[in-house]
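Please read the structure below before turning to the comments.
The values are calculated or read from the model by the stated rules, or taken from the named source; none is laboratory data. Computed from a prediction, not measured in an experiment: that's the story for all the values here. All Cβ positions, even for glycine, are placed from backbone atoms using ideal geometry, and neighbour counts span all protein chains on display. Only protein heavy atoms, including side chains, enter the accessible area calculation; ligands, DNA and RNA are left aside. Shrake-Rupley method; radii C 1.70, N 1.55, O 1.52, S 1.80 Å.
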Amino acid sequence: MKKKILSLLLCLAMIFSLTLNVSAASVSDFSDVSQSSWYYSSVKFVTDQGYMNGTSATTFSPSDEMTRAMFVTVLSREAKAEVDNNVESSFTDVQQGQWYTGAVEWAHNNGIVTGYSDMLFG
């Protein structure tokens, strides 16, 4: 299941041809993504495009599950949406000032995602 989700996300990201001006990470920064990995070119693509930055400065965590927060962040970056992480969220479990706060609100306000309830993003 984890590989399917990662594969799906990476395939979706590869479909998008928009280019961001600044890339915050490079595939060469990640100690857990070797050039011989089957997913190397996909990780290179999503980092080159600025869609994903990894889970730290030195790890991409290709075997980890993608969270809803990660997913909406990738979508907002692909859409070049201006997000404000200091916005107060409409969900009680999304704290102000987190790396994903603005993306969650952007996705919710644009009808891309809903919460598990009116109050919980999950």
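Give VAL43, VAL104 a once-over and let me know the one that is modelled with pLDDT of 90 or more and under 27 Å from SER117 (Cα atoms).
VAL104
Would you pick out the residues in the stretch 46-57 that are open to solvent by less than 50 Å² (accessible area, probe 1.4 Å), part of a helix (DSSP H, G or I) and of a type outside the set (A, V, I, L, M)?
If the condition is that a residue be open to solvent by less than 50 Å² (accessible area, probe 1.4 Å), part of a helix (DSSP H, G or I) and of a type outside the set (A, V, I, L, M), then THR47 is the only one that fits.
Taking the residues in the stretch 30-55 that are of a type in the set (A, V, I, L, M, F, W, C) and under 16 Å from MET70 (Cβ atoms) as candidates, determine which candidate is farthest from the chain's Cα centre (by Cα).
If we take residues in the stretch 30-55 being of a type in the set (A, V, I, L, M, F, W, C) and under 16 Å from MET70 (Cβ atoms), then PHE30 is farthest from the chain's Cα centre (by Cα).
Say we look at the stretch 72-122 and pick out the residues that are within 14 Å of ASN53 (Cβ to Cβ) and not in a loop (DSSP other than H, G, I, E, B); which of these is most open to solvent (accessible area, probe 1.4 Å)?
Among those residues, the one meeting the criterion is ARG77.
Just to check your reading of the model, which residue among VAL113, VAL87, VAL83 is touching a Phe, Trp or Tyr at 6+ places or on another chain (Cβ under 7 Å) and farther than 21 Å from SER28 by Cα?
Result: VAL83 is the single residue among VAL113, VAL87, VAL83 that is touching a Phe, Trp or Tyr at 6+ places or on another chain (Cβ under 7 Å) and farther than 21 Å from SER28 by Cα.
So which residues in the stretch 58-68 are open to solvent by 60 Å² or more (accessible area, probe 1.4 Å) and within 10 Å of SER31 (Cβ to Cβ), if there are any at all?
Residue satisfying the conditions is THR58 alone.
With respect to ASP64, is the statement that it is part of a loop (DSSP other than H, G, I, E, B) and touching a residue at least 60 places away in the same chain (Cβ under 8 Å) true?
yes
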